[in-house]
Amino acid sequence: MSKKSKLIIFTGPSGVGKGTILEKFFDIAKKNNNKVVYSISSTTRQPRAGEINGKHYFFISKEEFEKKINENAFLEWALYNGNYYGTSKEFTDKCLNNDTSVILEIELQGALNVMKKYPDAPSIFIMPPSFEELEKRLRGRNTEDEETILKRLNTAKTEIENSNKFKYRIVNNGIDEAVEELYQIFIRETK
Ligand code: 5GP
């Protein structure tokens, strides 16, 4: 049976637990020697405490980002709460040519753009158990000021309203179950 490498769209509102789910997913994928990697995006947002350039993001200036847009360096990019975020086309092309799947952890606009360009790309939306729970988690994280939290909650509403456009939806009722569901989807889609 031949293995298919794919772009995998992974979206969900800020605070839903995407980072934790992916961390555990990659632990399992590594143990099983699955060929799948995380696409490190570029962003113009300021790094949060503990974030490392080249691991979590490539933190670049607005000017550098706009230069890359003009050079067509992004597979997709979007403006999210006043900052640019984008996926490197060179990186994803290289992986796919090397039989390696790539997980794109991206927001709604970028996700919809990738779905249009790559109808074969499976899309996964992570849902919070409830909106109230999402607000609690976002506030509990203590990494953003009130204005940013309100903006993110507002964006989250729109994202959840569009979640029916995704092929798969996973409700994050518990990390381990969510990770298992994600892994099963990955296996099914890359078989
Ligand atoms: P954060 O600032 O919390 O790291 O990310 C904000 C949002 O931007 C999240 O929903 C995240 O998934 C999304 N994001 C991160 N990288 C990219 C990217 O390259 N493209 C797009 N469209 N969204 C991204």
(message) What's the number of the only condition in (1) assigned to a helix (DSSP H, G or I); (2) over 16 Å from the mean Cα position of the chain (by Cα) that R152 fails to meet?
(response) (2)
(message) Can you tell me which of (1) within 15 Å of the ligand (Cβ to nearest atom); (2) in contact (Cβ under 8 Å) with a residue 24 or more places away in the chain; (3) surrounded by fewer than 18 Cβ atoms within 10 Å (Cβ to Cβ); (4) under 25 Å from N97 (Cα atoms) is the one I28 doesn't meet?
(response) (1)
(request) Would you check if K4 is modelled with pLDDT under 95, touching a Lys or Arg at 6+ places or on another chain (Cβ under 8 Å) and either open to solvent by 50 Å² or more (accessible area, probe 1.4 Å) or away from the ligand (no atom under 11 Å from the Cβ) (or both)? (result) yes
(request) Please enumerate the residues belonging to the range 31-52 that are within 26 Å of N97 (Cα to Cα) and within 13 Å of the ligand (Cβ to nearest atom). (result) Y38, S39, I40, S41, S42, T43
(request) Test L182 against the criterion of being at pLDDT below 95 and surrounded by 13 or more Cβ atoms within 10 Å (Cβ to Cβ), and give yes or no. (result) no
(message) Contact list please: Cβ distance under 6 Å, first residue in the range 1-23 and part of a helix (DSSP H, G or I), second residue modelled with pLDDT of 95 or more and more than 14 Å from the ligand (Cβ to nearest atom), pairs at least six apart or on different chains.
(response) T20/I175; I21/A178; I21/V179
(request) Take the residues in the range 86-128 that are buried (at least 20 other Cβ atoms within 10 Å of the Cβ) and small (G, A, S), then tell me which one is nearest to I175 (Cα to Cα). (result) S123
(request) Select, from N154, N162, N83, the only residue that is farther than 28 Å from N34 by Cβ, within 11 Å of the ligand (Cβ to nearest atom) and surrounded by fewer than 17 Cβ atoms within 10 Å (Cβ to Cβ). (result) N83
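The values are calculated or read from the model by the stated rules, or taken from the named source; none is laboratory data. Computed from a predicted structure; not experimentally measured. Neighbour counts are summed over all protein chains in view; Cβ atoms, including those assigned to glycine, are modelled from backbone coordinates with ideal geometry. Protein only, heavy atoms only, side chains kept; ligands, DNA and RNA dropped before computing areas. Shrake-Rupley method; radii C 1.70, N 1.55, O 1.52, S 1.80 Å.
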